[in-house]
1. Considering only segment 123-153, state which residues are over 23 Å from residue 60 (Cα atoms) and among the hydroxyl-bearing types (Ser, Thr, Tyr).
2. Within the group 507, 529, 554, which residue is crowded, with 19+ Cβ neighbours inside 10 Å and charged (D, E, K, R)?
3. Going through segment 534-548 one residue at a time, which ones are in contact with a strand residue (DSSP E or B) (Cβ under 9 Å, 6 or more places away or on another chain), surrounded by fewer than 15 Cβ atoms within 10 Å (Cβ to Cβ) and among the β-branched types (Val, Ile, Thr)?
4. Select the helices (runs of 4 or more DSSP H) contained entirely in segment 117-196, then report the ones holding at least 1 residues which are assigned by TED's automatic domain parsing to the domain that holds residue 55 and touching a Gly at 6+ places or on another chain (Cβ under 8 Å).
5. Hey, among 262, 303, which residue is over 22 Å from residue 355 (Cβ atoms), touching a Phe, Trp or Tyr at 6+ places or on another chain (Cβ under 9 Å), among the small types (Gly, Ala, Ser) and surrounded by 15 or more Cβ atoms within 10 Å (Cβ to Cβ)?
6. Quick one: would you say residue 484 is at pLDDT 85 or above, loosely packed, with under 10 Cβ neighbours inside 10 Å and over 37 Å from the mean Cα position of the chain (by Cα)?
7. Residues of segment 142-169 being within 32 Å of the chain's Cα centre (by Cα) and buried (at least 16 other Cβ atoms within 10 Å of the Cβ), which ones?
8. Residues of segment 47-80 being in contact with a strand residue (DSSP E or B) (Cβ under 6 Å, 6 or more places away or on another chain) and of a type in the set (Ser, Thr, Tyr), which ones?
Amino acid sequence: MGIGFGKIKTNFDKKYWVTGKILEHQANTIPNKHFLQYMNCEPLTYQMVNNKVNMLAHGFMNIGVKKFDTIMIMLPNSLEYLYTWFAANKVGAVEVPVNNSYKGSFFEHVANNSKAKYLVLNEDQLDMVYNSIDNLMYLETLIYVGDNKGALDKLNNTGKYNILYFNDIYSDNTTNPDVDVSYMDLGAIMYTSGTTGPSKGVMMPHAHLYTFSESNVNMLKLDNTDIYYTSLPFFHGNAQVLTIYPSLIAGSKVVIYPRFSASEWVGHLKKHEITVTNLIGVMMDFIIKQPNKKEDSELQLKAIFSVPTPAALVDIFRKRFNVTRILEGYGMTEIGMVTIMPFDDFRAGSCGKILDEWYEIKIVDPETDEEVPDETIGELVVRHKIPWALNAGYYGMPEKTVEAYKNLWFHTGDALKKDNDGFYYFIDRIKDALRRRGENISSYEVEKVVNDHPSVLESAAIAAKLDVSGGEDEVKICVVLKDGCILGHEELIQWCDKRMPYYCVPRYIIFMKDLPKTPSLKVQKAILRKLSINNVDVWDRVKEGIKLADEIKREKKKLLR
């Protein structure tokens, strides 16, 4: 398996691997230590948060919430969200985070698949529930966070739901609920947006949630002096198990903002003396494009955890924002973080080393499941060494669970490779990878070059299957231009030809008004693949007689022979 990450420091014994138990422990041992601060509000101590959560937990039990009940949470980033999450876990209920942008069939699927009887929501979601009222099979109780009672009139008039006010649920009992919650019990069902089918509810036992979070504590060397900043949405696992729960484990403080702002990022970090933060996707690029400020070099950052970490921006970020360590890992909702970057051994482009104390991983041929040699691209498959530290399947989708656990390994669907030093490198989604003339091509790398063009807003590279014996891919790029910009096909080809290997340069180009996306903003490449290369809007470089630099060179060599 190569050289792994090594010994993991586990802050709590397994019997404590439940959010409610750890919160209770921290409230008893570091009661006056600051835990949560929402924007510029007064920070709340561990004891204050625990008391509030216990009062809500008893309130939940008073309205009939029982162990293993599923509670949907459809709120923006807020203290009420966190209180609901923690209180649900205190009484053994299962948290079901719901994307705030869901509506119609997307929301109905999550509500019905999770069989949730309870939904915590605010005014923004009331019309969404009303419009779906005839299609919701299990929902019984709405818990409303808000002051505008008139907003509830339409739903009240239906007589279908028991509607309660969030603030009225709190009891005056601050003691810990007498409910036996085990690390083996289900703690959350988190839905991963599908591209070719409905979202799948990932069943996450408490042990899975804990190890997910503890890996982040170890990678960032979090302790009770750290202040962690997040503006990522709570309905995704990133904010929960890579920021808030790790801070709870380490006894750190968390500063919460409702949404990400590149222009305010530096100001927030400086104001709150942030030592650790978390970035995803293009956030680093958005931040670096902001005007330089004097405050940029005055930050107190110890480390940034970024997935992915654009290698070209690492040194720029380090110098500009006075941060030594920018770290990366590989994980997904189903498996946790199975590779993390050693704190003092950064490798550009790598997602770190395997947490070999907790997991087994292999890179296999996606067709045969046979393990491939080092430096060879294949699919990453995972098994856990600690019981309950991996997902327990997809809720209500046994066939999808069996498919994912083929040959008793969880199949990630991601293409990675491992070098001889034991460092892993994410390449692409397996289904998004292309193979042309014997060369494996990363759609991510093609898109990165195209997206760097000043006229391009975004793009998606997909395989165009040719009807030839043995199968063959050509690269097709779907491009959305920035408002007011014009870009010719040949100009884009020239741009790519200068910046990528010849075999990666797209043959087909189609300009589009926008790309089809899921509610969580993932590009639906399955839809794009259905666009025929014979479509009149699809431009074909070969048919147009455009030669690449390498093709011209090869032709010249032939003439000289």
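The values are calculated or read from the model by the stated rules, or taken from the named source; none is laboratory data. Every value quoted in this text rests on a predicted model; they were computed, and no experiment measured them. Positions of Cβ are backbone-derived with ideal geometry, glycine not excepted, and every protein chain shown enters the neighbour counts.
1. Within segment 123-153, 130, 132 meet the criteria.
2. Within the list 507, 529, 554, the selection yields 507.
3. 542 - this is the single residue of segment 534-548 that is in contact with a strand residue (DSSP E or B) (Cβ under 9 Å, 6 or more places away or on another chain), surrounded by fewer than 15 Cβ atoms within 10 Å (Cβ to Cβ) and among the β-branched types (Val, Ile, Thr).
4. Result: 126-131, 166-169.
5. One residue alone meets the criteria, 262.
6. No.
7. Result: 142, 143, 144, 145, 146, 164, 166, 169.
8. Within segment 47-80, just 70 meets the criteria.
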